[in-house]
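Have a look at the structure below before the remarks.
The values are calculated or read from the model by the stated rules, or taken from the named source; none is laboratory data. As the structure is a prediction and not an experimental result, all values here were calculated from the model. When we count neighbours, we look across all protein chains shown, and the Cβ atoms used for this are built from the backbone with ideal geometry, even at glycine. For the accessible areas, the whole protein counts, side chains as well, though only heavy atoms, and no ligand, DNA or RNA atoms are used. Shrake-Rupley method; radii C 1.70, N 1.55, O 1.52, S 1.80 Å.
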Amino acid sequence: MTNQIMITPITRIEGHAELKLLFDDRNALEGTQFKITGPVRGFELFLCGKLGEEVPTLATRICGFCYSQHMLAAVKAVEDAWGVTPPEDAVKLRRLMMQASDVQDHALHYVLLACSDFLCTPYNKGGIVAMIERDRELVEAGFKLREFGQAVNRLVGGRQIHPVTAVPGGMTKALTKEDTETICKMLKTSQQAMEIVKDRTYKVIDETKKAADSFKDIDTNHLFLEQGKDVEFYDAPLTLMDKKGKKTKLDNHDFSERLRKPSVDYSFVAHPYLEGMSPGELMRVGPLSRINGSKWSSDLVRSFDKVFPRPQQNSFANHFARVIEMEENLRIVEEILNDGIGTHVRDIVEPRAGTGVGIVEAPRGILYHCYTTNNVGVVTHASIVTPTAFNQHSIEKSAEAMARRLMEKRPNLSEEDLNRVEMVIRAYDPCVSCALRMVQTKRGEM
Amino acid sequence: MPVKIATLQLTGCAGCHLSLLDALYDLPELVDKNVVQILYSHMLMDAKDLEENVDLLIVEGGILKTDEEEILIKFASKAAKVFALGGCACHRGIAAQGNFIPRMDLLEQYYVKLNPGLNNKIPTDDLPEYFEFFHGIDGTVEVDYSLLGCPPDPTELRDAVLAILSGKEPSMPAKIICDECPRKRNKDPELASLDPAKRLISVIPDEDNCLVDQGLICMGHATRAGCGAKCPRAGAPCEGCLGPAIKWRAVAPNDLAAYVKRLASQPGNI
């Protein structure tokens, strides 16, 4: 008979997921299943029949964590389909929003939720409340960083959650002088908050390293938008890095053609792969993938290299990479603002028949939107793959690797052990609402 | 005595939870001063189940699967009051757009028909079952407070939560979005209905005048106030996410008639 342990719900993540550990009758681990149990809402189906310009504000509702990224990936895809190039000032606004949103998201996941894995004991008592008791200054810094990201979302996007300003051809709102002043003022406060986060990150680095060294994580390929000296999440060439660190550039449309989404029977989300890669070969996305492919060079990056030499495969390094990204993103936001953003943020555009791909770096990694429209701009086909869908198979394998390692020490996993397994999953920062929209559909092919 | 709270996410996007965090920006203080005590919130902390009774259960998201109905009933039975937070929990929200397609067809298309050559199946192994329709929570449990919005505006949400924490009923403005909107309305709505509708991509509206007057479809005058008309201020038409106005202004039915005409004139909407 097969025995099983179910970890449910996996806590401190967005949405509903479970981990099932399966054992044979001699109590050896037979396998693991990372189960996404949140339901399919059907975005790709009901987006069909909508006008292309309506898609960004609908697509933002896919996720309550990375709304700006969904809006911008969607608008990029529609613009690609219609052959539209938005004005330079609009692109600056979008980059500003993209980088600031990343700060918001990482502050929530790393500072407020995941960090307690390394700060709080006993295990299974983590989370925001435990953190408030343990280190209120750090929690307040996390809130400050979130507030900053949300303010930028509000001022650029019209509202902080599910923004509305991106439209094919640009943005419906330019920044006013007062808006820019507000952001600059908040930037100062958030840079101070960032110092507190950095300080604590150095303090928990031994714990993080210990967690990383406690098991042998999986080796995978990494997929990211190419990162040069500066972080760039809005628009850069899509790049695949193999296990040895060799990089290959991918064309967005080729990538779209090669993307396959085989279903698995135990999870509502399929395990995507690229045709041409060997079956079962994994492809990860996210902060770890981005830093592996980057030329960033801050002091924090040098510290990272000492602890986690690159190319790095250990999932726990994701946390450190998130902190680096927050700092780099604040720097880029300041640069964009110093550079100045003009007010020519929109052009009138004409729809046309076509297929467009929009790929951005969401906080959790590559986010892919693809739409086909007819000649008046009505969507006839929609396909969306989110970072957590890309990562799902890797999450399962990392959790399995951790469980195997722990069972070598203690064949009957304790509650503390199970939290260790959850910690690996948390290092990926899975986002379940997002992941559930990844299967493609086509209208009228019932 | 702190107010004991649990938050539950059903089928939703987590945006309402984030709006709650935005609203309660002083959460560290509220927890420290023992104003609130959070007992369950799978997104924010590690408790795997709700083990004791709470004063307030905040529910985000609607119901699309059988397990969601079960956990909602179980949690609500341990809660003195239930707060339906956001469009999905209140009256179905965006996921209800999937209700126009028979559920099994939707899943069949999702997994199988559009992935030819992959042997895909609708996943079923130890997974919850779907309902035919995505629906709000009020048909399943008794709801004491509700707040619409996608997600609810943090300022309004803060007022509502603070009112509930101090044992009062949250108040709702009887106004409409137009009352909060700085844009000037110049045309009679019935006359405006004679103008052809314009698409958002084909007009760059000025900052001062009503979006409807400039040919766009804006839901502001049929929508309850409460957000400060954020979208029209940002040059984007109101989507009506705060739900219908409590007291409609006399002009609203005419405006709605105008909209039906305008919507009918748009491609894809017939």
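Given A:ARG346, A:ARG322, A:ARG331, which one is within 19 Å of A:HIS222 (Cα to Cα), basic (Lys, Arg) and either surrounded by 18 or more Cβ atoms within 10 Å (Cβ to Cβ) or under 23 Å from the mean Cα position of the chain (by Cα) (or both)? Can you show your working first?
Numbers: A:ARG346 fails: within 19 Å of A:HIS222 (Cα to Cα); A:ARG331 fails: within 19 Å of A:HIS222 (Cα to Cα).
Within the list A:ARG346, A:ARG322, A:ARG331, the selection yields A:ARG322.
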Can you tell me which residue in segment A:14-37 is nearest to B:GLY93 (Cα to Cα), limited to those that are assigned to a loop (DSSP other than H, G, I, E, B) and at the interface with chain B (Cβ under 7 Å from one of its Cβ atoms)?
-> A:GLY15
Which numbered condition trips up B:GLU70, out of (1) open to solvent by 60 Å² or more (accessible area, probe 1.4 Å); (2) more than 23 Å from A:VAL264 (Cα to Cα); (3) touching a residue at least 40 places away in the same chain (Cβ under 8 Å); (4) within 13 Å of another protein chain (Cβ to nearest Cβ)?
-> (3)
Just wondering, is there one or more residues in segment A:116-136 that are in a helix (DSSP H, G or I), facing chain B (nearest Cβ under 10 Å) and among the hydroxyl-bearing types (Ser, Thr, Tyr)?
-> yes
Within segment A:53-108, how many residues turn out to be away from every other protein chain (no Cβ under 12 Å), surrounded by 24 or more Cβ atoms within 10 Å (Cβ to Cβ) and of a type in the set (Asp, Glu)?
-> 1
Inspect all residues belonging to segment A:343-364 and state whether any of them is of a type outside the set (Asp, Glu) and out of contact with any strand residue (DSSP E or B) (no Cβ under 9 Å at 6 or more places or on another chain).
-> yes
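Could you check segment B:220-239 and list, in sequence order, the residues that are more than 12 Å from chain A (Cβ to nearest Cβ) and either open to solvent by 20 Å² or more (accessible area, probe 1.4 Å) or not β-branched (Val, Ile, Thr) (or both)?
At the first step, the residues of segment B:220-239 found to be more than 12 Å from chain A (Cβ to nearest Cβ) are B:220-226.
B:GLY220, B:HIS221, B:ALA222, B:ARG224, B:ALA225, B:GLY226, listed by residue number.
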Search result, residues across segment B:126-139 that are facing chain A (nearest Cβ under 7 Å) and of a type in the set (D, E, K, R) = B:ASP126
When you look at B:PRO123, is it within 9 Å of chain A (Cβ to nearest Cβ), touching a residue at least 60 places away in the same chain (Cβ under 8 Å), farther than 30 Å from A:GLU54 by Cα and open to solvent by less than 50 Å² (accessible area, probe 1.4 Å), yes or no?
-> no
For segment B:12-51 the number of residues that are of a type in the set (Val, Ile, Thr) and either within 8 Å of chain A (Cβ to nearest Cβ) or within 21 Å of the chain's Cα centre (by Cα) (or both) is 2
Tell me, which helices (runs of 4 or more DSSP H) wholly within segment A:145-261 include 1 or more residues that are open to solvent by 10 Å² or more (accessible area, probe 1.4 Å) and within 14 Å of another protein chain (Cβ to nearest Cβ)?
-> A:177-203, A:252-258
Considering segment B:77-95 alone, what residues qualify as being over 11 Å from the mean Cα position of the chain (by Cα) and either surrounded by fewer than 21 Cβ atoms within 10 Å (Cβ to Cβ) or of a type in the set (Val, Ile, Thr) (or both)?
-> B:SER77, B:LYS78, B:ALA80, B:LYS81, B:VAL82
Filtered residue count, segment B:174-207, keeping only those that are modelled with pLDDT under 85 and open to solvent by less than 40 Å² (accessible area, probe 1.4 Å) = 4
Residues within segment B:99-116 that are open to solvent by less than 40 Å² (accessible area, probe 1.4 Å), closer than 21 Å to A:SER263 by Cα and either assigned to a helix (DSSP H, G or I) or in contact (Cβ under 8 Å) with a residue 12 or more places away in the chain (or both), tallied = 6
Cross-chain or 6+ apart pairs with Cβ under 7 Å, segment A:46-57 first and touching a residue at least 40 places away in the same chain (Cβ under 8 Å), then basic (Lys, Arg) and in a loop (DSSP other than H, G, I, E, B) = A:CYS48/A:ARG443; A:GLY49/A:ARG443; A:LEU51/B:ARG199; A:GLU53/B:ARG199
Within the set of pairs 6 or more residues apart or between chains, which connect a residue that is without any contact (Cβ under 8 Å) to a residue 12 or more places away in the chain inside segment B:84-97 to a residue that is crowded, with 21+ Cβ neighbours inside 10 Å with Cβ atoms less than 6 Å apart?
-> B:GLN97/A:PHE46
Pull up segment A:38-52, narrow it to residues that are crowded, with 24+ Cβ neighbours inside 10 Å and part of a loop (DSSP other than H, G, I, E, B), then point me to the one that is farthest from the other protein chains (Cβ to nearest Cβ).
-> A:LEU47
Residue by residue through segment B:149-169, note down the ones that are open to solvent by 30 Å² or more (accessible area, probe 1.4 Å) and within 14 Å of chain A (Cβ to nearest Cβ).
-> B:CYS150, B:THR155, B:ARG158
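Sort out for me the helices (runs of 4 or more DSSP H) sitting completely within segment B:117-210 that have 3 or more residues that are of a type in the set (Val, Ile, Thr) and at negative phi. Please lay out each step first, then the result.
Numbers: elements: B:154-165, B:177-180, B:189-192.
Of the helices (runs of 4 or more DSSP H) lying wholly inside segment B:117-210, those with at least 3 residues that are of a type in the set (Val, Ile, Thr) and at negative phi span B:154-165.
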Scanning segment B:12-40 for residues that are under 17 Å from A:PRO430 (Cβ atoms) and touching a strand residue (DSSP E or B) at 6+ places or on another chain (Cβ under 7 Å), which turns out surrounded by the most Cβ atoms within 10 Å (Cβ to Cβ)?
-> B:GLY12
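Take the conditions surrounded by fewer than 20 Cβ atoms within 10 Å (Cβ to Cβ) and either within 8 Å of another protein chain (Cβ to nearest Cβ) or modelled with pLDDT of 95 or more (or both) and apply them to A:THR8. Does it pass?
Working: surrounded by fewer than 20 Cβ atoms within 10 Å (Cβ to Cβ): yes; either within 8 Å of another protein chain (Cβ to nearest Cβ) or modelled with pLDDT of 95 or more (or both): yes.
It is true that A:THR8 is surrounded by fewer than 20 Cβ atoms within 10 Å (Cβ to Cβ) and either within 8 Å of another protein chain (Cβ to nearest Cβ) or modelled with pLDDT of 95 or more (or both).
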Does segment A:371-392 hold any residues that are touching a Pro at 6+ places or on another chain (Cβ under 9 Å), over 27 Å from A:GLU422 (Cα atoms) and in contact (Cβ under 8 Å) with a residue 24 or more places away in the chain, and which are they?
-> A:THR373, A:ASN375, A:VAL376, A:GLY377, A:VAL378
Just name the residue that is modelled with the lowest pLDDT out of those in segment A:277-319 that are under 28 Å from A:ARG260 (Cβ atoms), surrounded by fewer than 24 Cβ atoms within 10 Å (Cβ to Cβ) and not polar (S, T, N, Q).
-> A:PRO279
